[in-house]
1. Give the residues of the stretch C:193-236 that are assigned to a strand (DSSP E or B) and out of contact with any helix residue (DSSP H, G or I) (no Cβ under 8 Å at 6 or more places or on another chain), sorted by residue number.
2. Would the stretch C:77-86 turn up any residue that is touching an Asp or Glu at 6+ places or on another chain (Cβ under 6 Å), at the interface with another protein chain (Cβ under 9 Å from one of its Cβ atoms), hydroxyl-bearing (Ser, Thr, Tyr) and surrounded by fewer than 22 Cβ atoms within 10 Å (Cβ to Cβ)?
3. Can you name the strands (runs of 3 or more DSSP E) wholly within the stretch C:50-139 that have at least 2 residues being out of contact with any helix residue (DSSP H, G or I) (no Cβ under 8 Å at 6 or more places or on another chain)?
4. Would you check which residues across the stretch A:63-101 are more than 10 Å from chain C (Cβ to nearest Cβ) and in contact (Cβ under 8 Å) with a residue 60 or more places away in the chain and list them?
5. Residues to consider are C:ALA643, C:ALA692, C:ALA677; find the one that is crowded, with 24+ Cβ neighbours inside 10 Å, of a type in the set (A, V, I, L, M, F, W, C), within 14 Å of chain A (Cβ to nearest Cβ) and within 30 Å of C:ASP37 (Cα to Cα).
6. Counting only residues that are surrounded by fewer than 15 Cβ atoms within 10 Å (Cβ to Cβ) and closer than 30 Å to C:THR431 by Cβ, how many does the stretch C:170-202 have?
7. Answer with yes or no whether C:THR475 is in a loop (DSSP other than H, G, I, E, B), touching a strand residue (DSSP E or B) at 6+ places or on another chain (Cβ under 7 Å) and more than 30 Å from C:VAL561 (Cα to Cα).
Amino acid sequence: MSLIVNGEAVALPSDPRVSLLDHLRETLHLTGTKKGCNQGACGACTVLVDGERILSCLALAVQYEGRSVTTIEGLAGENGLHPLQQAFIEHDGFQCGYCTPGQICSAIGMAAEAERGVPSHVSADLTAAVALTREEVQERMSGNLCRCGAHNGIVDAIRATVAAEWAA
Amino acid sequence: MTPFSYARAGDAAEALRLGAAGATAYLGGGTNLVDLMRETVARPEALVDVTGLSATIEETDGGGLRIGAAARNTALAEHRAVRERYPMLSRAILAGASAQIRNMATVGGNLLQRTRCTYFYDTDGSRCNKRAPGEGCDAREGFNRIHAVLGASEACVATHPSDMCVALVALDARVHVAGAGGERTVPIADFHRLPGDSPERDTVLAPGELITAIELPALPLAARSTYRKVRDRASYAFALISVAAAIELDGERVGDVRVAFGGVAHKPWRALKAEAALRGGPATPEAIHAAAALEFADAAPLRHNAFKPALAGRTLAAVLGELVKGEAA
Amino acid sequence: MSIVDTVKQGAQGLVQGAMTKLVPLAPDSWIPGGVPDPLIQHKHGLIGTSVSRLDGPLKVQGGAQFAAEFRFENMAYCALVYATIPRGRITAIDGAAAEAAPGVVLVMSHLNAPRMNKPPAFGSSPNGVGPADLTIFQDDRVHWNGQPIVAVLADTQEQADHAAALVEVSYAPEPSTTSLAGAKANGIAQGLFMGQPLLNEIGDAEGALAKAAVKVDATYRTPRHNHNPIEPHAATIAWVGDELVIHDASQMVTQQAQTLGEVFDLAPEQVRLTSPYVGGGFGSKGLWDHQVIGAAAAKMAGRPVRIALSREGVYRVVGGRTLTEQRVAIGASADGRFEALIHTGLSVMTPHNNMPEPFILGTRAGYACPNIKLQVEVAQMNMLANTFMRAPGEAVGTFALESAIDELAEALAIDPVELRLRNEPDKDPTTGLPFSSRHIDTAWRDGAARFGWSDRGAAGTRREGEWLVGTGCATGTYPYYRMPGAEARITLRRDSDGVRALVEVAAAEMGMGTSTTTAIVAAERLGLPLDRVEVAYGDSAIPGAIMAGGSQQTAAIGAAVIAAHNALVAELLTLAGNDSPLAGLSAADVGSEEGGLAKLDDAARRESYGSILARAQRDQVTVTKAGTPPLELMHWSMHSHSALFCEVKVNAVTGETRVSRFLGAFDCGRILNAKTAASQFRGGIIMGLGLALMEETQFDERNGRIMNPSLAEYHLPVHLDVPEIDVIWTDIPDPHTPMGAHGVGEIGITGVGAAVANAIYNATGRRVRDLPITLDKLL
């Protein structure tokens, strides 16, 4: 009974009530993943599971046995920050920094979805290749709230890095 | 959260066996159930995880699609056949929740979403017949902007929150259900209930019954269809009104048409009266408004949602107008 | 209780009242800021450049530690039970099932909680920041629907939450007032701040209105709002011996520590409160019941406690902005000169706090007019104590005032920008004081040119497909404040390659960029590179008391650093002694530059810090100093301004509004860090878009219960709601403030509601005077 977090096998909780979020924060002490609402309504707890973005507050940890979870702590490489992390700093894509890990994980998941061709609510043509226009990024990131109002910087940082990367 | 046991089902038979005990709930993506359990609205004693069951999306012999109940919402929305042949369904799913939630939520679970009525959620401080039968309804005279205008009862004025189901209703989907007594198929229009005297029951599922698949019939008309959602912010909000529609012209006249509304009733609302009124007639704004007016003739608005019938009519006229324009082009 | 009056009260207290009348008349040079800060003249340094947040790398890696992320050994988790009636008595609490539940450590209520003093309510003493004039867990009284009444401690959060749900509470309800109509019927009183009425009367406004050639007269309504920082309020608490250690999310670190000390009869040094990172505050991250409950439970259980409010808990425990009903009437001559300006109305508060939403504040210095009447009256309701939320007063007051000016412009057929410029005052219209710095005309002209305002059409004349397009404008305004009590401690330390400076201030960083800006300002003042300066903050062990409120923190820190720097120069001169090139010079003759001290008018006479310390055989030198009393606030009328331009698209079918363009042109003195200031402006504007279009706390008038305690049902703007927001600024220094700067945290939200409403009018021809402007109001 284990799951993989940032490449390492860790035990699952014995109490099935424990969310993946609380397991990360309280047991594994990986507090980079944030609890904003615990209601599935803010996106602060976004992590990547097998590369897909999900809300860890609505995920019971026991449901994720054997799955590979990447949190904000797992993004930087040996050579330093992930390019998106660096771009968040350069574009001032945060103020208080509390929604930031969720925004960053979400953006990485979003780029993979777009690359796969998943359309969005604002895609005019459901069957066309995805172009990550500003509006597309905004819609696809709308599950991540920011109360400080760093939206412009967040979208700029994403478009300058992960969105540009695969589109190129 | 009330304590519960957790077990994962390997197949439908195992799920049914595990689910036969009282106070067991099937767990899909958890995006609604876990929230309701945390709020103590839902207090199952056992959870049976059914995400390992069939998530396959496959062609049926009849030219339709069969969707395993464990398919994730994103998987359905992005499926090539759905995008091409049932665009209203893709669009309805993509209009709902957020990408993270769509990645988690299963199709079966989406059918079982419960209302967003805030009195339903307020376990400590408010009365709700859906949550605690017979207790009373604080929504009827409270904040009811998001509530029902059609088919409500004295006991309950809640709305069904799903976007996906509105499209499924317009598409005449069928719900495959397995239970102790075997399998059965329920037309989606009959799957969700009106509240009547027992608003605690959202659907016709019997205790222990499991949704195994959704089947979409072949419906050429649906290739020209769409879904439009009207809400209080640009994204990530529940519908005030939504419309799923498809239309086929026969010359200048309406050949066939499908219309369903979300945000107006305790169930996704198939607008059969409006469809009948439109068939064979002109697809003009006047005719569409008249058809919508007929559909909402029995509307019983509450204090904060009197705008809904008119908004539904206007939105329908715009949606059908766009589809007609698209077909003409 | 407002920040305004806290400032004034503080200043007045310092000068014993009698000087209140003298300060305005004193020569400028006697007043702090009377001699411009020398840093204003530094044109080639760091100030005003774009510096990335120094805490950025930590934040983007999830390494910044917030209150609920500290740990103690053997920590228990707390869950709360909230009252379900608006007023009455608790007659019974059945906690047996909870106590028997697995993992439960303690069920605490008024029946068994330790005796605690009433926290001094905000404003009742210099550092009192209690949430209300109420004891906590000391009696059976219920004062609002949602009041925390039972706390459950357990080994895990899951256990605590479950056990809390098992607690049964019985009540004896008492008559309550939870409707606006009921509150009005009970009686309306003059709104007061610290004994000062929110009332200004100049001339005969009603008489002048009656005689005016053109007039508008309408009522505007704004609902309750919640701050909704994404970090819910939380504290991690331990008793270490008889010392209380609390890791909190705080925008008033020292004050909260001192107030908690008073609750538990502790000496100031017995409370240690840290708050290194705060996940957004906007006025809400203060002392509320939960920290007191958590500390009491920790004491009782003999275990450290984590009390992290659920999102619902934040709505039940932490007050928001209260509702307002405002009348604005303006009478003008045919050429648009204001002859009467009336801004009056009602706000709601509770019997146990004193915070009328002071919506007339922005009007006081807004426009030239010979006849003015401004008044805030209050009615009382049984509800959670409301509090200040970003630009208390101005955020909603400018909605009414600036909407009315737009209506007047329409009635006069005068361009609304021109109408505002025509009524520019040459001195403060209500106090008569001179303005310290007012360049709103520049902001209007620069903003209009950049936005393309001259392309605007008449109302209801632009359409793109389904979308009706319109533009609108409004003025935002917020005062410059500086509160007393700020201190700075500067330590210069020698190391292998020179000196490093540690600057300590008891300030809070909620994302405003304070820690970065403080480092910039300190580096500039000390003549050190940015990477040689470290800033410490967010810790009650640091001397002084600084509040991140009233947009005053930067000025308060700035003045304290000036004072500490002056003291440091004096101390270094003493250490330098007679062998230094600086020998014989007085502190007034010497300044800092390039890593040392130099004679101001003869830079050749200089010595490096390292050299001074080395010769004095010192490894370090430390000075602590408080800023001057903020007398400048009584000598000048000091305000920031903005000129806001908005383009909206309103869907003709559905009534949905999308903001498609927004530009803010700001006049806020000198901007210290272009990058973080721009983010503060944008952040305020975006909160203003929420206020304009979607935000409302649903307060059920039948029982006073908040019905949307959720980020799903309380709508904040999402990414798709937020257009690219253009911000520019005049960058004209205020000669009378530290660094020439004004705070920029709150000005952004002001005026936005009106700019959006005015643009919607231009798009649709519909005037909505009732926020939020949801689609049903436009159908």
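1. Residues satisfying the conditions are C:PRO197, C:LEU199, C:GLU201, C:ILE202, C:THR219, C:ARG221.
2. Within the stretch C:77-86, one or more residues are touching an Asp or Glu at 6+ places or on another chain (Cβ under 6 Å), at the interface with another protein chain (Cβ under 9 Å from one of its Cβ atoms), hydroxyl-bearing (Ser, Thr, Tyr) and surrounded by fewer than 22 Cβ atoms within 10 Å (Cβ to Cβ).
3. C:88-94
4. Passing the criteria: A:TYR64, A:GLU65, A:GLY66, A:ARG67, A:SER68, A:VAL69, A:THR70, A:PRO83.
5. C:ALA677
6. 7
7. no
For every residue, the table says whether it meets (1) of a type in the set (Asp, Glu); (2) in contact (Cβ under 8 Å) with a residue 60 or more places away in the chain; (3) surrounded by fewer than 15 Cβ atoms within 10 Å (Cβ to Cβ); (4) closer than 20 Å to C:ILE360 by Cα.
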position: C:ALA208; (1), (2), (3), (4): no, yes, no, yes
position: C:LYS211; (1), (2), (3), (4): no, yes, yes, no
position: C:VAL216; (1), (2), (3), (4): no, yes, no, yes
position: C:ARG221; (1), (2), (3), (4): no, yes, no, yes
position: C:ASN228; (1), (2), (3), (4): no, yes, no, no
position: C:PRO232; (1), (2), (3), (4): no, yes, no, no
position: C:ALA238; (1), (2), (3), (4): no, yes, no, no
position: C:ASP242; (1), (2), (3), (4): yes, no, yes, no
position: C:ILE246; (1), (2), (3), (4): no, no, no, no
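The values are calculated or read from the model by the stated rules, or taken from the named source; none is laboratory data. Small disclaimer: the values here were computed from a predicted structure and weren't measured. Note: ideal-geometry Cβ built from the backbone for every residue, glycine included; neighbour counts use all protein chains shown.
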